[in-house]
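Colleague: Attaching a single structure in structure tokens format; questions to follow.
The values are calculated or read from the model by the stated rules, or taken from the named source; none is laboratory data. Because the structure is a prediction, the values reported are computed rather than measured. Cβ: placed from backbone, ideal geometry, glycine included. Neighbour counts: every protein chain shown.
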Amino acid sequence: MALARIRVLPPEVARKIAAGEVIERPASVVKELVENSLDAASHYVWVDLWDGGKRRIVVTDDGEGMGPEDAKLALLRHATSKISAEGDLFAIKTLGFRGEALAAISAVSHLTLTTKTRGGPGTRVLAEGGEIKELLQVGAPQGTRVEVEGLFFNLPARRKFLKGVQTELAHCMEVVLRMALAYPEVGFYLKHNGRPLLRLPPVKDLRVRLGSVMGKEALPFLIEVRGEEEGRVVGGWISKPSFVRGNPKGIYLYVNGRYVRDRLLSHALLEAYRGTIPKGSYPIAVLFLKVPPEEVDVNVHPTKTEIRFRKADLIWRLFEDTLSKALSRPLSEQTPSGPVPPPEVKEEVSGYARGAPAPESGELGFVGPKWRPLGQVLGTYIVAEGNGGVLIVDQHAAHERIIYERLRKREGDQDAQRLLVPLLIELRKDELRLLMEQTGELAASGLHLEPFGEQTLVVKAIPSFLRPHEVKGFLQELAQDLSEGSKGKGEIREKIWALMACKGAVKANTPLSREEMERLLRDLASISHPYTCPHGRPVFIELDRKELERRFGR
């Protein structure tokens with residue numbers, strides 16, 4: 001079969017293809033138009049949708065507006081006020097390229113642009129399928145109003161693949177919410193078929209906007225974060241590990257004011273929470289990264305939601321380190337209005353039900369006033385009363401987290417208990433090889449061992465919280481984890497700590513005295529992450545009076 005001849009596409013076809021890369025659905029139109037409004041220094045942005053934006057989209061602002069000549073040029077491809085030379089592509093400080101967005105939208109719709117600058121004449125431009133049909137001088141308030149009707153009228157195949165009204169509406173609302181979180185000083189209003197859906201007046205405090213978007217119930221669980229290094233700044237709010245969701249929809253990341261989907265930043269965020277939240281859970285996060293414009297490429301994708309950093313390693317470390325430090329602060333310091341932090345605990349890592357002395361500690365920062373243990377249930381769960389409710393604590397998970405946090409705090413300097421009679425442990429050759437590669441990390445965690453033949457090693461010292469009969473199981477589990485693939489030094493160290501904590505923690509079905517239960521609750525209050533064990537299981541369940549009364553139908 002003969003190959004078809006190569007031919008140059010007609011201009012109208014090329015315009016449609018280019019527009020399709022930027023405009024994928026009604027939400028794409030809303031994004032581009034709202035970004036233009038923000039670039040125009042608007043104080044208010046109004047978005048009106050009909051049938052999820054499939055029938056009609058109107059975005060109005062009170063920004064700077066455009067003069068007649070700029071209004072006409074704005075609808076031409078490759079016409080923009082944001083770029084004048086190639087170098088400007090790598091120093092973009094605005095959200096959109098007004099000309100590029102309007103040209104792309106007008107190529108696949110019926111578009112009406114009405115705009116006016118302060119003291120200038122009002123201008124109206126009518127375009128269809130990428131061609132300007134009419135240019136008029138009209139009376140208009142300062143600002144810009146863009147009306148988009150019949151999206152994809154000339155691309156029936158693309159229009160056919162649009163989703164239902166509610167789905168498209170949800171995407172449009174999400175776009176507006178993203179912008180609203182990044183610009184709390186701007187008022188955002190959204191209507192659908194004439195019915196108000198969102199009303200977000202301008203505010204000075206981002207936390208007020210967060211409460212409007214995330215729900216006021218989230219506010220007590222938010223931690224403010226800030227970090228800076230060599231002119232690069234991270235700031236925003238993240239949720240405590242006790243307040244998580246089953247999906248990542250509460251994560252909003254911004255670079256230089258632009259919402260982005262970035263694997264590097266997402267990975268750094270989740271890495272900061274590793275070991276503190278259950279697997280499959282996600283925190284709430286609204287984070288802003290400010291970097292020199294020349295260090296980030298926003299032109300990776302036409303929608304500009306995918307980016308590329310010139311110094312990716314440095315950005316990852318700054319992001320992860322800033323968040324980890326915020327999460328590691330004492331809980332009472334994480335919220336500005338919180339209680340006074342408890343005194344630092346001086347006690348070494350120790351077990352429960354072994355007669356260890358109780359450490360000095362303050363009130364239970366993670367749940368408020370001091371809780372009074374009532375007893376054990378099933379030999380595994382501590383039930384406590386206080387703070388207007390009931391607390392149920394998994395004693396093993398709680399002790400696991402306590403040991404783990406103290407190992408992390410004393411990184412590389414864990415006391416070891418020398419054994420009078422060294423342990424001889426027989427293992428498989430592959431297990432022995434993997435463990436011998438980590439003798440330095442194990443010694444730093446208090447476990448000193450040496451090879452003793454082809455399949456045997458000798459253990460000369462162990463951490464004070466680990467029992468001799470638990471050592472072999474720990475080593476076998478660690479070898480199994482190490483065999484599953486290459487891991488970085490930090491990940492191996494944390495795996496060692498997590499396994500040690502699991503083996504050394506008080507077990508289920510272990511009776512505890514009242515004093516031991518009180519000590520465990522006090523110790524739990526002294527750490528920064530009391531909510532989950534190192535493997536992500538919940539440590540406690542709290543039932544307040546309101547929840548108890550709801551369950552009993554009172």
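Colleague: Restricting to segment 375-389, and then to whatever is surrounded by fewer than 15 Cβ atoms within 10 Å (Cβ to Cβ) and in contact with a strand residue (DSSP E or B) (Cβ under 9 Å, 6 or more places away or on another chain), can you tell me which residue is farthest from HIS535 (Cα to Cα)?
Modeller: That would be GLY388.
Colleague: Scan (1) among the polar types (S, T, N, Q); (2) modelled with pLDDT under 90; (3) part of a helix (DSSP H, G or I) for the single condition SER337 breaks and write down its number.
Modeller: Unmet condition: (3).
Colleague: Next question, about the same structure. Counting just the residues of segment 199-247 that are of a type in the set (Lys, Arg) and closer than 14 Å to PRO283 by Cα, which one comes out modelled with the highest pLDDT?
Modeller: Here the residue is LYS240.
Colleague: Then there is this: Could you say which residue among THR112, THR117 is in contact with a strand residue (DSSP E or B) (Cβ under 7 Å, 6 or more places away or on another chain) and of a type in the set (S, T, N, Q)?
Modeller: None of the other options fit; the residue is THR112.
Colleague: While we're on this one: Condition test on GLY257, is it crowded, with 18+ Cβ neighbours inside 10 Å, touching a helix residue (DSSP H, G or I) at 6+ places or on another chain (Cβ under 9 Å), outside the structural domain of SER28 (by TED's automatic domain parsing) and on the phi > 0 side of the Ramachandran plot?
Modeller: It is false that GLY257 is crowded, with 18+ Cβ neighbours inside 10 Å, touching a helix residue (DSSP H, G or I) at 6+ places or on another chain (Cβ under 9 Å), outside the structural domain of SER28 (by TED's automatic domain parsing) and on the phi > 0 side of the Ramachandran plot.
Colleague: Would segment 291-304 turn up any residue that is under 13 Å from the mean Cα position of the chain (by Cα) and aliphatic (A, V, I, L, M)?
Modeller: no
Colleague: Further question on the same structure: What is the one condition in (1) assigned to a loop (DSSP other than H, G, I, E, B); (2) modelled with pLDDT of 90 or more; (3) out of contact with any Lys or Arg (no Cβ under 7 Å at 6 or more places or on another chain) that SER84 does not satisfy?
Modeller: (2)
Colleague: Restricting attention to segment 115-133, which residues are acidic (Asp, Glu) and over 14 Å from GLU147 (Cβ atoms)?
Modeller: GLU131
Colleague: Of all the residues that make up segment 132-165, how many are in a strand (DSSP E or B), over 22 Å from ARG55 (Cβ atoms) and touching a residue at least 24 places away in the same chain (Cβ under 8 Å)?
Modeller: Residues in segment 132-165 being in a strand (DSSP E or B), over 22 Å from ARG55 (Cβ atoms) and touching a residue at least 24 places away in the same chain (Cβ under 8 Å): 5 in total.
Colleague: So, one more: Starting from residues that are crowded, with 20+ Cβ neighbours inside 10 Å and not in a loop (DSSP other than H, G, I, E, B), keep the ones in segment 183-193 and report whichever is farthest from the chain's Cα centre (by Cα).
Modeller: HIS192
Colleague: Across segment 390-410, which residue is modelled with the highest pLDDT among those that are buried (at least 21 other Cβ atoms within 10 Å of the Cβ) and among the acidic types (Asp, Glu)?
Modeller: The qualifying residue modelled with the highest pLDDT is GLU400.
Colleague: Moving on. Could you check, for segment 135-146, whether at least one of its residues is more than 24 Å from TYR44 (Cβ to Cβ), touching a helix residue (DSSP H, G or I) at 6+ places or on another chain (Cβ under 9 Å) and either of a type in the set (Gly, Ala, Ser) or at pLDDT 85 or above (or both)?
Modeller: yes
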